[in-house]
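Undergrad: Structure incoming, see below.
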């Protein structure tokens with residue numbers, strides 16, 4: 001999972017309705033190799049460097065777009081890497097919002113689509129047909145839609161798996177449920193209790209789980225909220241009181257506290273706990289499958305269905321979200337920009353990204369074209385989880401504050417045992433302070 005970007009900085013820089021000056025980057029035929037007379041120039045920024053597997057995939061996708069639309073469109077890609085703290089690319093976006101020098105198309109981390117839309121950084125795409133929309137996973141369309149308008153299409157999708165060590169569960173006599181009948185909170189707690197003496201003997205824990213600082217917390221653990229019937233913010237993204245601090249959410253934070261108190265997980269991170277065979281379960285991103293296959297071949301890996309609340313009604317709840325493409329508010333060529341967005345998020349591009357980076361595709365046909373999603377049980381489980389139960393993170397113009405607040409409550413209650421109501425109410429106050437400019 002990517003680190004939380006510095007988008008908070010953008011929100012502090014942009015106040016009220018954006019009044020941008022200047023114009024989007026452009027070029028004249030001949031300025032860029034391959035750009036000829038009669039072609040519509042489309043500039044694009046991406047969040048990585050060219051000399052990486054991800055950057056290479058983006059470059060190849062742009063080259064294939066230019067071949068496909070030779071004589072009509074020309075896409076010019078610029079690589080602007082993020083730094084270790086998530087800045088760099090975000091800083092460039094922030095500065096260009098103020099100067100008016102945005103390109104036609106940018107990449108946007110999926111959870112920030114609503115914030116970019118609310119602040120006038122991106123605009124709705126040109127209309128897609130129902131058939132075009134249906135080629136994407138539902139989570140991709142939901143992630144990119146704000147107030148009924150489609151703003152972005154995912155370059156890729158992602159998820160989090162509940163991984164298990166088959167040998168340990170066999171030793172404990174524990175069977176895995178099917179994807180439509182996941183373990184409930186109560187059932188999972190009973191399983192962890194059964195595993196504890198076995199894992200104590202291995203100098204480990206039943207569960208390799210942490211409450212990480214940054215975006216990973218809400219990405220991994222908001223599903224517990226959704227399956228319990230809770231939300232972190234209202235559907236319009238503008239009201240938090242009664243949502244973030246609901247009784248349903250309090251139950252979830254208390255559940256995490258019980259995992260720590262019962263020593264089913266370590267209160268402090270233990271490096272490679274699962275990979276060393278000292279944990280039966282682990283929550284981690286989809287990339288963990290490839291990590292285990294490549295570096296820890298002695299672990300017989302499985303993917304269990306994400307656990308759910310005892311009150312789960314069968315609705316969508318599992319983790320989703322990754323980088324997407326959007327047309328900026330500065331482009332005057334929305335049809336051309338939309339064609340590039342569709343191409344960069346389409347089947348061919350998704351297959352390229354998977355082959356280069358193992359990132360999960362955003363389209364059904366890409367999954368059908370990659371045999372591992374049918375032949376390998378772990379990759380198949382992750383895909384089916386996305387397909388059937390994927391739930392995007394909260395959509396709100398103050399998403400960064402919601403994400404940070406979730407992490408803070410999770411840590412303060414789960415690790416420190418602080419009063420859950422007090423911590424949730426404090427978060428509501430902080431989020432409301434950020435919401436004022438959108439609700440007044």
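Undergrad: Return the whole-Å distance between the Cα centroid of segment 402-423 and the Cα centroid of segment 69-126.
TA: Segment 402-423 and segment 69-126 have Cα centres spaced 33 Å from each other.
Undergrad: With each pseudo-label sitting 7 Å past Cα toward Cβ, what's the residue 95-residue 293 distance in nm, one decimal?
TA: 4.0
Undergrad: Still on this structure: Can you compute the helix-only [θ] at 222 nm over the chain? Use -39500 (n - 2.57) per DSSP H run of at least 4 residues, normalise by all residues, nearest 500 deg cm²/dmol.
TA: Taking each H run of at least 4 residues, the total per residue is -13000 deg cm²/dmol.
Undergrad: Can you tell me the 0 to 90 degree angle between the C-alpha axis of helix 53-68 and the longest principal axis of the chain, rounded to 10?
TA: 40
Undergrad: Sort segment 349-407 into rounded, prolate or oblate with this rule: let a ≥ b ≥ c be the square roots of the eigenvalues of the Cα gyration tensor; rounded if a/c is under 1.5, and if a/c is not under 1.5, prolate when a/b is larger than b/c, oblate otherwise.
TA: Values: a/c = 2.73, a/b = 2.12, b/c = 1.29.
Judged from the Cα gyration tensor, segment 349-407 comes out prolate (a/c at least 1.5, a/b above b/c).
Undergrad: What is the angle, in °, between the Cα long axis of helix 347-357 and the longest principal axis of the Cα atoms in the chain? Nearest 10 is fine, range 0 to 90.
TA: 60
Undergrad: Pairing the Cα long axis of helix 185-201 with the longest principal axis of the chain, what angle in degrees results, from 0 to 90 and rounded to the nearest 10?
TA: For 185-201 against the chain, the angle is about 70 degrees.
Undergrad: Measure of size requested: the Rg and Dmax of the chain, with Cα atoms as the atom set and Å as the unit; please supply both.
TA: Gyration radius and largest Cα-Cα distance of the chain: 22.3, 73 Å.
Undergrad: Restricting to Cα pairs below 8 Å that are 6+ residues apart, what does the relative contact order work out to for segment 194-299? Please round to a whole percent.
TA: Reported as a whole number, the value is 39 percent.
Undergrad: Next up: Using a 10 Å cut-off around each Cβ, can you sort 333, 47, 391, 181 from fewest to most neighbouring Cβ atoms?
TA: Taking fewest neighbouring Cβ atoms as first place, the list is 181, 333, 391, 47.
Undergrad: Compare 207, 128, 382 in a GNM of the chain, Cα atoms joined below 10 Å, and give the one with the largest fluctuation.
TA: Fluctuation is largest for 128.
Undergrad: Rounded, prolate or oblate: which fits segment 371-440 when a ≥ b ≥ c are the square roots of the eigenvalues of the alpha-carbon gyration tensor, with rounded for a/c under 1.5 and prolate only if a/b beats b/c?
TA: Cα axes put segment 371-440 in the oblate bin.
Undergrad: Moving on. In what sequence do 96, 43 fall when counting other Cβ within 10 Å, fewest first? Mind showing how you got there, number by number?
TA: On the way: 96 21, 43 25.
Ranking 96, 43 by Cβ neighbours within 10 Å, fewest first, gives 96, 43.
Undergrad: Moving on. Provide the FRET efficiency to the nearest 0.05 for the residue 439-residue 142 pair, computing r from the beta carbons and using R0 = 22 Å.
TA: Computed FRET efficiency for residue 439 and residue 142 comes out at 0.40.
Undergrad: Take 191, 49, 370 and order them by how many other Cβ atoms sit within 10 Å, fewest up front.
TA: 49, 370, 191
Undergrad: Using a Förster distance of 60 Å, how high is the FRET efficiency between residue 176 and residue 334, based on the Cβ-Cβ distance and rounded to 0.05?
TA: 0.80
Undergrad: Under the classification rounded if a/c is under 1.5, otherwise prolate if a/b is larger than b/c and oblate if not, where does segment 200-257 fall, given a ≥ b ≥ c as square roots of the Cα gyration tensor eigenvalues?
TA: prolate
Undergrad: What number, in percent, do you get for the relative contact order of segment 29-150 if the mean sequence gap of Cα pairs under 8 Å and at least 6 apart is divided by its residue count? It would help to have the intermediate numbers written out before the result.
TA: On the way: 118 pairs, mean separation 29.7, N = 122.
Dividing the mean separation by the residue count of segment 29-150 yields 24 percent.
Where a number appears in this text, it was derived from the coordinates with a stated rule and is not lab data. Just so you know, these numbers come straight off a predicted model, no measurement behind them. Because the Cβ atoms are built from the backbone with ideal geometry, glycine has one as well, and the counts that use them run over all protein chains shown.
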